[in-house]
Amino acid sequence: MKEINGDVKVMTTTEATAEVFWTAFRSLSKKEREAVVERLLRDKEFMEDLIDIVILEQRQNEPSRSLDEYLADQRKKRT
């Protein structure tokens with residue numbers, strides 16, 4: 001969300017779309033929600049994206065390093 005004048009928050013288009021889908025999902029019965037989740041879990045691309053998101057969340061507080069540092073470390077390991 002973006003703040004305007006320090007107190008009014010405006011959703012981005014992406015956030016608004018996500019909110020619509022979330023609201024629709026929450027309005028489904030438990031059985032319908034379970035069916036949607038089961039379908040998502042069977043979708044290979046979705047599962048890969050979900051795993052990537054979880055890894056990013058878990059590692060967000062780790063120190064970062066530049067690509068040049070990483071590549072230099074990889075070169076050292078090979079020799």
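The values are calculated or read from the model by the stated rules, or taken from the named source; none is laboratory data. Nothing here was measured: the structure is a model prediction, and the numbers come from that model. FYI the Cβ positions are ideal-geometry reconstructions off the backbone, even for glycines, and counts take in every protein chain you see.
Assorted remarks:
- Taking the criterion of being assigned to a helix (DSSP H, G or I) and not hydrophobic (A, V, I, L, M, F, W, C), the residues of the stretch 22-39 that qualify are Thr23, Arg26, Ser27, Lys30, Lys31, Glu32, Arg33, Glu34, Glu38, Arg39.
- Pairs are defined by a Cβ separation below 7 Å, a sequence spacing of at least 6 or placement on different chains, a first member in the stretch 47-69 that is at pLDDT 95 or above, and a second member that is surrounded by 10 or more Cβ atoms within 10 Å (Cβ to Cβ); the pairs so defined are Met47/Leu41.
- Yes/no for Glu48 being under 25 Å from Thr23 (Cβ atoms) and in a helix (DSSP H, G or I): no
- Counted residues, the stretch 8-21 - those being in a helix (DSSP H, G or I) and among the hydrophobic types (A, V, I, L, M, F, W, C): 4
- Taking every residue in the stretch 17-46 that is modelled with pLDDT of 95 or more and pairing it with any residue that is assigned to a helix (DSSP H, G or I) and aromatic (Phe, Trp, Tyr), at least 6 positions away or on another chain, the pairs with Cβ-Cβ distances below 8 Å are Arg33/Phe25; Val36/Phe25; Leu40/Phe46.
- Some residue of the stretch 9-21 being among the aromatic types (Phe, Trp, Tyr) and either in contact with a Pro (Cβ under 6 Å, 6 or more places away or on another chain) or surrounded by 11 or more Cβ atoms within 10 Å (Cβ to Cβ) (or both): no
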